[in-house]
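The values are calculated or read from the model by the stated rules, or taken from the named source; none is laboratory data. On a predicted model such as this, the values are computed, not experimentally measured, just so you know. Note that each Cβ is placed from the backbone with ideal geometry, even for glycine, and that neighbours are counted across all protein chains shown.
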Ligand code: IVH
């Protein structure tokens, strides 16, 4: 039995981890468990540390960041990164089109071939691929000299560390826009607020801040993405047009915006612009206009450049997402966890098509830092479907009559004690029976993304609370038709519907149930991870801190919130009452909390009593993981005849080794 050499193993692992990354991140179809993945990843990391010369430039370990830098080095762009001229209305596009035809000596009736693309509101970068490998990434800087952010860009999973295809070009330089999608942006800001850091005003600033981290491990934690939109120097490949570039570069694995489209003449440009305006709010990233480019590169060359922008392209901007209005009042609002946040009530104002009358001020420190007062004239910004925020006060408009709002000393809803948690900026009402907290947690529980109890919204929940028919979420499952019939304007049919909706919610996924409980720091994503890892609410309730921490992406803060939640007798009773009423959150098939929950098995050598696939099924059937390689996290190695290096490693690490028969014993 010959063992693989470290070099071979590094190559194997690089390929394997890259493949599993793709399955997990791109196809959403993982083939191995988190624990197995972690084991492969760690093995590769170990080998690379021991034999740095073996680390490949496309190693997936680069995706998690490396040692922090002292500063970024500078990169001179071989051709300057120009900016674009702006258009604000249809007439500007007509003028642009006329200019092009005049310059090229074409008749006014000619329909110019254009490519239209969303104008990404992010951070411009240049990526260089040499011999197929991603070798240098830089920011735009002043257009001539930017900063080397290669290590940070390697953590952006969209960017191929190696181009796909058999014969990649010798040199490929592309430019594109790095952005942070809206969902992680929102999550990121919430986390910053909880940590007492000022939130970012918009996703672009957050993306820029993330990309300019000297510590790439921080960048790795921000789910940045990229769309590439233009070539620069290339060797060994030629593009005939922008549309040709977009298609061919995509085949090499370079991401381009799927909304880019080839059109003909001004009228189609206008239609494209209108379509994007309409779709703007449905996108999960911010765009601030569309970019119109002459398609054939031959025409682009003939048109050439002015000093700072090309003649062949123009950015047609959308109306701004910002507007100016007056703060009519600042009102403290109590959330479901008792956190009290200042909310600005605004004179209604149209911000790119949406009437805005409220804006979050995030937290008190933020309000004080920006010095926002009742009566102030302010700039509000709306990013996608994110809650509008006050960007800044227009100080020149101050008259002297503006009044700041003091941090409340009592809960505005229940009059209860308010505390400032040390180390947190949050101001919190600790009243256990604070009606606002109860109302908000009930709303959250019944909401669409949680238990999805259709029809049971704020209106009915408030009536139920007022009539003292419910006090906590478990009471929902003990409501009767007679209870509902006490409401004004409630008919048989409506109460029937509500009861049915409540009944249907009893069978929701475990992940929704966990999310619905409103455990601090447990959002939808974490709830899913927990549901998969623990398989039942009882298992989660009884999980030790170590077990919680063994779940990928669960850190100490989340683990502590979960433990705290289940320490409360009150919370336990509420859950018990729900289960007693027939709430039985359904469980994702794979893991029914079995004998092997949380345990990792590795099978090695020649197996005679079962195949590897059967072994894997048996382990997973009992809630365990079957991993491919041995690490400190392995609990059992099952060794058949001629077991080699894995057996040795297990012995080194003190992992228990079983025979096939002993393993079968465990299952009896
Ligand atoms: S093409 C020669 N296409 O807008 C200029 N730019 O105002 C090549 N941008 O610096 C730029 N989306 O950062 C182009 N689809 C797109 C874009 C785009 C966003 C940014 C880019 C550029 C700025 C110019």
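On the given criteria, is residue 113 touching a residue at least 60 places away in the same chain (Cβ under 8 Å), crowded, with 19+ Cβ neighbours inside 10 Å, over 16 Å from residue 228 (Cα atoms) and away from the ligand (no atom under 12 Å from the Cβ)? Spell out the reasoning first.
Values: touching a residue at least 60 places away in the same chain (Cβ under 8 Å): yes; crowded, with 19+ Cβ neighbours inside 10 Å: no; over 16 Å from residue 228 (Cα atoms): yes; away from the ligand (no atom under 12 Å from the Cβ): yes.
So residue 113 does not fit the description; no.
Whether any residue in segment 320-331 is buried (at least 18 other Cβ atoms within 10 Å of the Cβ) and within 16 Å of the ligand (Cβ to nearest atom) is what I want to check. Scanning segment 320-331 turns up at least one residue that is buried (at least 18 other Cβ atoms within 10 Å of the Cβ) and within 16 Å of the ligand (Cβ to nearest atom).
Tallying residues that are surrounded by fewer than 19 Cβ atoms within 10 Å (Cβ to Cβ) and more than 18 Å from residue 617 (Cα to Cα) within segment 650-664 yields 6.
When you scan segment 268-286, do you find a residue that is touching a helix residue (DSSP H, G or I) at 6+ places or on another chain (Cβ under 8 Å), within 16 Å of the ligand (Cβ to nearest atom) and part of a strand (DSSP E or B), even just one? No: zero hits.
Residues checked against (1) buried (at least 17 other Cβ atoms within 10 Å of the Cβ); (2) out of contact with any helix residue (DSSP H, G or I) (no Cβ under 8 Å at 6 or more places or on another chain):
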site: 127; (1), (2): yes, no
site: 131; (1), (2): no, yes
site: 137; (1), (2): yes, no
site: 143; (1), (2): no, yes
site: 151; (1), (2): yes, no
site: 159; (1), (2): yes, no
site: 165; (1), (2): no, no
site: 197; (1), (2): no, yes
site: 203; (1), (2): yes, no
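Every listed requirement among (1) part of a loop (DSSP other than H, G, I, E, B); (2) in contact (Cβ under 8 Å) with a residue 12 or more places away in the chain; (3) more than 19 Å from residue 310 (Cα to Cα) is met by residue 80 save one, (3). Selection of segment 287-319 for residues being in contact (Cβ under 8 Å) with a residue 12 or more places away in the chain, more than 12 Å from the ligand (Cβ to nearest atom) and in a loop (DSSP other than H, G, I, E, B) yields 295, 318, 319. Residues that are modelled with pLDDT of 90 or more and under 20 Å from the mean Cα position of the chain (by Cα) were ranked within segment 520-555; the one that is surrounded by the fewest Cβ atoms within 10 Å (Cβ to Cβ) is 522. The condition of being farther than 17 Å from residue 257 by Cα and in contact (Cβ under 8 Å) with a residue 24 or more places away in the chain holds for only one of 166, 197, 235, that being 235.
Against the test of being in contact with a strand residue (DSSP E or B) (Cβ under 9 Å, 6 or more places away or on another chain) and in a loop (DSSP other than H, G, I, E, B), the options 528, 507 yield a single qualifying residue, 507.
Quick check on segment 14-24. Is at least one of its residues within 28 Å of residue 623 (Cβ to Cβ), in contact with a strand residue (DSSP E or B) (Cβ under 9 Å, 6 or more places away or on another chain) and surrounded by 14 or more Cβ atoms within 10 Å (Cβ to Cβ)?
Checked against the condition, which is being within 28 Å of residue 623 (Cβ to Cβ), in contact with a strand residue (DSSP E or B) (Cβ under 9 Å, 6 or more places away or on another chain) and surrounded by 14 or more Cβ atoms within 10 Å (Cβ to Cβ), segment 14-24 yields no hits at all.
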